[in-house]
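One structure below.
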Amino acid sequence: MSVLLEVNHLKISARKDDDSLTPIVKGVSFNVARGEVIALIGESGSGKTTIALSALGYTKPGLEFTGGQVRLEGEDIITMASDQLRALRGQRVAYLAQSAAATFNPALTIGEQVTESCVLHNILTQKQADERAEFLYRALELPDPDQLGKRYPHQVSGGQLQRLMAATALCGKPDLLVLDEPTTALDVTTQIEVLKAFKSVIKQEGSAAIYVTHDLSVVAQIADHIVVLYAGEVQEHGSAEQVVSHPGHDYTRRLMHAVRPPPGAGQGEETSSEHHREAPALEVKDIVAGYGKTQNGIPSITVLRDVNVSIERGHTVGVIGESGCGKSTLARVMAGLLPAAQGKVLLDGETLKPALQRRSRGELQKVQFVFQMADTALNPRQRIDHILGRPLEFYLGLKGKEKRRRIGELLQMVELPQEFAGRYPEELSGGQKQRVNLARALAASPEVLLCDEVISALDSIVGANVIELLKRLRKQTGVSFVFISHDLSTVASFADEIVVLYAGRVVEKGATDAVLSPPYHPYTRLLISSVPELRVGWLEETMQTQEAQAGIDRVVTLTDTGCPFFDRCPLAIKDTCDRETAPARQLGAGHTIECHRSEAEFVH
């Protein structure tokens with residue numbers, strides 16, 4: 001295969017206030033051939049994105065090229081004039097960002113945005129661009145390709161929007177794609193469909209790709225070659241099979257060690273019962289909640305239906321399910337951010353008012369929310385000591401010396417240096433910001449922490465460290481966790497109990513070992529079978545399974561009648577599952593599955 005892109009001894013530095021240079025990328029070299037995917041992997045701060053963006057002749061503000069070449073078909077991109085770079089970007093090299101939701105303009109139709117670049121650059125006429133877009137919708141296995149271009153971004157799912165971003169990049173037939181963490185924030189079933197689509201289209205189009213990620217399991221499915229990076233230097237470089245199966249560098253082995261095994265029984269830890277009390281720490285009973293105007297106690301868009309969950313003191317309940325299943329809505333109901341239309345929320349056996357505005361300061365203190373994105377949860381204009389000090393004053397009345405001492409204890413608790421108290425959020429890495437986010441919630445000395453996807457945006461090593469930290473905090477303080485995630489492997493290693501939500505209903509719940517061992521609800525089986533394994537060839541094998549063929553690439557649909565999983569279920573019974581509410585089957589020891597099928601039929 002002919003070499004498309006050559007990166008030779010690339011050096012990029014950051015210019016400091018005193019005009020001195022600090023090396024960021026330190027002499028990196030690799031080649032990308034046509035029809036090939038090369039993955040750049042490493043933890044946050046390793047230089048992955050900085051190196052990948054050099055293929056567009058771009059550096060982030062404050063950085064500059066200080067050596068080496070980046071050659072596209074022999075032409076050095078780094079030395080190109082700005083008008084040459086303008087012609088290069090989008091035509092010959094296209095970029096796919098991490099967040100499709102932030103990339104698309106909500107006020108324009110999908111078709112306008114997918115075709116805009118290639119019409120603007122006079123690559124195709126509008127008619128040719130529309131035909132090309134429709135061809136790509138089919139190649140990326142998107143629904144209703146004839147009419148899809150007329151829709152707006154909010155009218156398609158997250159996984160479909162991610163593939164539409166790929167269509168936008170591919171519309172102008174670029175030679176090289178730069179994919180920057182395009183599946184990190186996706187749930188497992190959506191991630192599979194997006195990976196499968198990307199892989200087939202790259203081969204079909206004969207283009208090449210640089211794939212930036214920290215997820216080794218994903219890399220094993222899509223990459224031909226892997227470059228392992230640490231602190232701006234290449235630690236290891238080889239074929240995907242060689243790096244995944246026979247890693248040669250200690251750092252690669254460390255990255256692989258941080259990848260959690262596929263979810264299964266026996267991965268969790270024994271939970272101490274020393275903090276146990278008669279009443280659960282938090283409980284929700286017969287919750288009905290949603291959005292829009294309420295009529296007869298039912299909201300116009302009902303998201304949660306008859307949800308019952310109980311969290312014992314010092315325990316962790318993992319809530320899992322795809323995007324749109326109602327996980328975050330359940331947490332918002334528990335916190336009082338979204339008052340339930342029906343049902344009760346109980347704290348230590350006492351009923352809480354549905355809306356947080358009507359809860360007492362003491363009740364608010366006991367239930368704290370850790371938000372998904374620390375970047376948006378922390379005020380960028382406030383120092384860390386102010387961010388942590390505010391709840392200490394508000395809930396505990398601490399001031400002066402006592403407050404400063406407690407801030408130091410909180411930083412120590414989340415394993416951050418004391419000098420971080422005087423820093424601003426922008427001076428911290430993603431993992432450090434998430435620890436501050438967690439410390440702020442702990443400052444109130446809560447009894448229950450609601451953790452909403454708190455490690456989904458973190459790399460595997462930082463994510464593993466945060467989970468270990470949560471385990472230690474649970475042991476030290478007896479705090480209970482509601483851990484919302486689409487990452488089953490993480491939930492399996494941390495939760496005592498698992499609640500599986502689908503379309504706002506609890507389809508299965510029980511002890512972690514029971515839920516992750518057969519018999520499974522068909523939806524739980526789909527989720528477990530969709531978690532990527534750290535081996536080459538897993539994706540192709542999985543796409544052949546009955547679960548994948550029936551359930552992948554379908555949108556979660558909220559329904560009033562029957563089982564909402566009916567249209568995706570390989571075990572569905574026509575005229576029963578689509579019409580009648582599934583009965584709850586008790587399988588012993590608190591393990592419940594809601595399904596029309598018998599226990600014996602779940603195993604097959």
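All of the numbers you see were taken from the coordinates with simple rules; none came from a lab. Here the structure is a predicted model, which means the values were calculated and not measured. In this analysis, Cβ positions are derived from the backbone assuming ideal geometry, glycine residues included, and neighbour counts consider all displayed protein chains.
Between residue 144 and residue 293, the contour length at 0.36 nm per residue exceeds the alpha carbon distance by 50.5 nm. Charged side chains reduced to their Cβ positions (Lys and Arg at +1, Asp and Glu at -1) give the chain a dipole of some 1720 debye around its Cα centre. Within straight-line reach of residue 26, meaning a Cα separation under 18 Å, sit the following lysines at least 8 residues removed in sequence or on another chain: 11, 16, 48, 60.
Neighbour counts of other Cβ atoms within 10 Å put 316, 581, 376 in the fewest-to-most order 376, 581, 316. By the count of other C-beta atoms within 10 Å, a proxy for reagent exposure, 246, 521 are ordered fewest to most as 246, 521.
Beta bridges assigned by DSSP with both partners in the chain are antiparallel in approximately 60 percent of cases. Only one residue of 376, 519, 307 has its Cα farthest out toward the positive end of the dipole of the chain, where Lys and Arg carry +1 and Asp and Glu -1 on Cβ, and that residue is 376. Candidate membrane-span-like segments in the chain, meaning DSSP H helices with Cα atoms spread over at least 27 Å of their own axis and a Kyte-Doolittle mean of 0.0 or above, do not occur, with no membrane implied either way.
Max-minus-min Cα coordinates of the chain on each principal axis give 72, 68, 48 Å, with the largest extent listed first. Among 468, 594, sorting on how many other beta-carbon atoms sit within 10 Å of each Cβ, with the fewest leading, yields 468, 594.
Starting from a Cα-only point model with no solvent, please compute log10 I(q)/I(0) by Debye for segment 392-540 at q = 0.12, 0.17, 0.21 1/Å. Treating every Cα as an identical point scatterer, log10 I(q)/I(0) equals -0.62, -1.04, -1.37. Look at where the Cα atoms of segment 456-522 and of segment 39-76 average out, and the two centres are 37 Å apart.
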